[in-house]
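Trainee: Shown below is the structure under consideration.
Quick note: the coordinates plus some simple rules give every number you see, no bench work behind them. Quick caveat, the model's predicted, so the values are computed rather than measured. Positions of Cβ are generated from backbone atoms using ideal geometry, with glycine treated the same way; all protein chains shown enter the neighbour counts.
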Amino acid sequence: MNERVEVRKTYKLFVGGAFPRSESGRTYEVLDFEGDFLANAAKASRKDGRDAVLAARKSFGAWSAATAYNRGQVLYRIAEVMEGRRDQFIADIASAEGVVGLDAPRIVDAAIDRWVWYAGWADKVAQVLGTTNPVAGPYFNFSIPEPTGVVVAVAPQASSLLGLVSVIAPIIVTGNACVVIASTERPLPAITLTEVLATSDVIGGVINVLTGDPAEIMPWLASHADVNALDLTGITDPALATELEIAAADTVKRVRRAAPDEDWHEPATLSRIRGFVETKTVWHPLGV
Amino acid sequence: MTVTFPAALAGATTSAASLRQFLHGLPGVDEVGAAARAASLGTRSVKAASKSWAIDLAIRMVDLTTLEGMDSPGKVRAMCAKALRPDPTDPSAPPVAAVCVYGDLVAAARSVVGDSVHVAAVATAFPSGRASLAVKLLDTRDAVAAGADEIDMVIDRGAFLSGEYQRVFDEIVAVKEVCGGAHLKVILETGELRTLDNVRRASWLAMLAGADFIKTSTGKVVPAATPPVALVMLEAVRDFEALTGRLIGVKAAGGIRTSKDAIKYLVIVNETVGDRWLTPDLFRFGASTLLNDLLQQRQRMASGHYSGPDYVTID
């Protein structure tokens, strides 16, 4: 019997709920932790970044207007679909990060649990971060958190799944739309995640995943006037981080600074959610 | 109307039969070929310096349009202010070619733009064209009296498709007459004409009847302007100029929303009729959202970083 012909993989980007090739037509080789060929991934250009921001902006209206309860359900649904692909994620993590034994399943479980954890926050954020304020006048005065808008994030380079999920989930749970650049050398778990996102009720464009080199794409997105915030978590080069923060200052973006050494197995906190919301305060006349 | 045509065209407009014979004698359009040609022109790479020039040219070619039932004098005035000075943050941004409004809002538009920008009015029972000739003429007279110096008329597509070319021809001639000094743009509504053969025939019909401009669409029918349609119309304009020496303008309207699309059209114009047509006097874009995208691209070229919708006005 003939040997089966291998199905070679050339993965694509995830922009606006679709899977386009890079506008530049470029790809790069993804290697496993031992340096053997795994697959080809699209190498995003600045124009792919621009298209992703357009897609994110387009989806922001519907996503931020969805009820908090509904957003929580959608995040929970992502966890559900990930659960069904658990084995694929475990294989991806094992080949990308070289983790052995029970570590790979543990990482995947932690990533799924993280979605569930953030899903629960969707309709509780306002209670915790919002408040009523005592004022000296006949007004009912209250402050509520609102999503910042379009957030561009650089996912952690080492923790290719758990780190990625820990970056995306807190951004979108409050109604932001995001463009995330996956780990450059370990993009496969992120690519598998896009296949999950495409089938889990997330509005197309709310999460856009680019693969490629942050040093090439990020300067354009950091200065992009239609981006409202940056999450530089996965930037490992301090000089690049500084350059991006300076570029972001021109349009007064919110910036979460680079944190290449963050331990993703630590329990999550509200910090990341709080980093990408704006507080709106309303004065409402009393009485009448 | 007393336009004299050379021998090749002289007989065409003498009777309904000769008009039909002429229009049906036009060579057929190769639809696949036209689509392929338009697509191949769309792939031209335009480098930064040319792009910056093309964006400014495209801005100068825009007929900034609002044709909604909810238009109000206030909205039209706001749009006119934008037409005069599209980018308040950058005085070097040129004004647009014209504003395009319904006939009853011409006065409101004129009061803001003065003589700096043309005011175009849609007339003749826009967008369907379903009214008697008397009503259409009154509609046109009304707009001209209110100060419109460009009239966008629609042809009667029902008559055209049922072969009553003479009736369509006579209507255009009659409207042209009441236009007086105002430029007449004839809207073919190519989305309803079904075939490129019909687009070519309608283009010739309009030009023979005295149109100053031929315009693709009302913007109310999908598909509106498409590159193959523009290509066929530009070819008709080119052939008409070769026979008569008269330069007819073309206006692509509806569905052009990005700078990239606009530049594709400019390439098609340049490659089909030449750079004489690369002027607001002979080529226009009918658009409302296109201008914002052009301005964002302009800001991007000036500042070196991508701009966003927060930096242009919302119409």
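Trainee: Choose one answer from B:63, B:261, B:115: the residue with the largest mean-square fluctuation in a GNM of chain B with alpha-carbon springs under 10 Å.
Mentor: B:115
Trainee: Further question on the same structure: Between residue A:286 and residue A:24, what is the label-point separation in nm under the 7 Å Cα-to-beta-carbon projection?
Mentor: Label at residue A:24, label at residue A:286, 6.0 nm between them.
Trainee: Testing the spin-label approximation: label points 7 Å from Cα along Cα→Cβ at residue A:88 and residue B:7. State their distance in nm.
Mentor: Here the modelled spin labels are 7.4 nm apart.
Trainee: Loop-only check: which GluC sites (Glu not before Pro) in segment B:83-177 are DSSP coil with at most 13 other Cβ within 10 angstrom? Walk me through the numbers on the way to the answer.
Mentor: On the way: sites: B:150, B:164, B:171, B:177; in loops: B:164.
Answer by residue number: there is no such site.
Trainee: Give me the Debye-computed log₁₀ of I(q)/I(0) at q = 0.08, 0.10 Å⁻¹ for chain B, equal point scatterers on Cα only, no solvent, two decimals.
Mentor: With one equal scatterer per Cα and no solvent, log10 I(q)/I(0) is -0.34, -0.53.
Trainee: Based on the Cβ-Cβ distance from residue B:170 to residue A:143, what FRET efficiency comes out when R0 is 60 Å, to the nearest 0.05? Please list the in-between numbers first.
Mentor: Details: r = 69 Å, r/R0 = 1.15.
Efficiency for this residue pair is about 0.30.
Trainee: Which FRET efficiency value, to the nearest 0.05, is calculated for residue A:65 and residue A:4 with the Förster distance at 60 angstrom and r the Cβ-Cβ distance? Let's see the in-between values first.
Mentor: Numbers: r = 49 Å, r/R0 = 0.81.
Once rounded, the FRET efficiency stands at 0.80.
Trainee: Here is a further query. Could you let me know the centre-to-centre spacing of segment B:117-157 and segment B:38-110, using Cα atoms, in angstrom?
Mentor: Each part reduced to its Cα centre gives a spacing of 21 Å.
Trainee: Let me ask something else. On a full-extension model of 0.36 nm per residue, what is the gain between residue A:252 and residue A:40, subtracting their alpha-carbon distance, rounded to one decimal in nm? Working shown, then result.
Mentor: Working: separation 212, 0.36 × 212 = 76.32 nm, distance 3.66 nm.
Length difference between fully extended and current span is 72.7 nm.
Trainee: Shifting gears a bit: Using every Cα-Cα pair within segment B:194-315, state what percent have a distance larger than 17 Å.
Mentor: Numbers: 4266 of 7381 pairs.
Distances greater than 17 Å cover 58 percent of the Cα pairs.
Trainee: Could you tell me how many degrees, from 0 to 90 and to the nearest 10, lie between the Cα long axis of helix B:227-244 and the main elongation axis, the longest principal axis, of the Cα atoms of chain B?
Mentor: 60
Trainee: Extending each Cα 7 Å along its Cβ direction at residue A:100 and residue A:80, get the distance between those two points in nm, one decimal.
Mentor: For residue A:100 paired with residue A:80, the spin-label model returns 3.8 nm.
Trainee: Find the Rg to Rh ratio for segment A:242-288, where Rh is the Kirkwood radius over alpha-carbon pairs and Rg uses the same atoms. List each step's numbers first, then the result.
Mentor: Working: Rg = 17.3 Å, Rh = 14.4 Å.
For segment A:242-288, the value is 1.20.
Trainee: Another question about this same structure. Which values of log₁₀ I(q)/I(0), to two decimal places, follow from the Debye formula for segment A:188-288 at q = 0.11, 0.16 Å⁻¹ with a uniform point scatterer at every Cα?
Mentor: So the normalised log intensities are -0.47, -0.91.
Trainee: I want to verify a result. In a Gaussian network model of chain A, Cα cutoff 10 Å, which of these has the top mean-square fluctuation: A:246, A:191, A:107?
Mentor: A:246
Trainee: Enumerate by residue number the GluC sites (Glu not before Pro) in segment A:11-100 meeting two conditions: DSSP loop (anything except H, G, I, E, B), and at most 14 other Cβ atoms within 10 Å of the site's Cβ. All intermediate terms of the calculation are to be shown ahead of the outcome.
Mentor: Numbers: sites: A:23, A:29, A:34, A:80, A:83, A:97; in loops: A:23, A:34.
Answer in residue order: A:34.
Trainee: How would you classify segment B:10-169 from its alpha-carbon gyration tensor, with a ≥ b ≥ c the square roots of the eigenvalues: rounded for a/c under 1.5, else prolate if a/b is greater than b/c, otherwise oblate? Before the final figure, lay out the partial values.
Mentor: Values: a/c = 2.69, a/b = 1.22, b/c = 2.21.
Because a/c hits 1.5 or more and a/b fails to exceed b/c, segment B:10-169 counts as oblate.
Trainee: Right, something else. For helix B:165-179, what angle does its Cα long axis make with the longest principal axis of chain B, in degrees from 0 to 90 and rounded to 10?
Mentor: 50
Trainee: Something else about it: P(r) for segment B:1-55, please, calculated from all Cα pair distances in 5 Å bins and given in %.
Mentor: Pairs per bin, as whole percents: 4, 14, 12, 12, 9, 10, 12, 12, 11, 4, 1.
Trainee: Something else about it: Calculate the length of the line joining the C-alpha centroid of segment A:30-60 to that of segment B:211-269, in whole Å.
Mentor: So the separation of the two Cα centres works out to 38 Å.
Trainee: Across 10 Å bins from 0, what is the distribution of all Cα-Cα pair distances for segment A:79-205, in whole percents?
Mentor: 12, 39, 27, 12, 6, 3, 0
Trainee: Measure nothing but the geometry: give the 0 to 90° angle between the long axis through the Cα atoms of A:188-197 and the longest principal axis through the Cα atoms of chain A, rounded to 10°.
Mentor: That works out to roughly 50 degrees.
Trainee: Same structure, new question: Test of understanding: what is the full-extension gain from residue B:303 to residue B:142, defined as 0.36 nm times their sequence separation minus their Cα-Cα distance?
Mentor: So the chain would gain 53.4 nm between residue B:303 and residue B:142.
Trainee: Next question. Along the three principal axes, how long is segment A:27-285 when you take its alpha carbons, biggest first, rounded to the nearest angstrom?
Mentor: If we take the Cα atoms of segment A:27-285, the spans are 70, 38, 30 Å.
Trainee: With r defined as the distance between the Cβ atoms of residue B:18 and residue B:133 and R0 fixed at 22 Å, what FRET efficiency is calculated, to the nearest 0.05? Write out the running numbers ahead of the final one.
Mentor: Values: r = 22 Å, r/R0 = 1.00.
Plugging the Cβ-Cβ distance into 1/(1 + (r/R0)^6) gives 0.50.
Trainee: Going out from 0 in 20 Å bins, what whole percent of all Cα-Cα distances in the protein assembly as shown drops into each bin?
Mentor: The percentages, shortest bin first, are 18, 39, 30, 12, 1.
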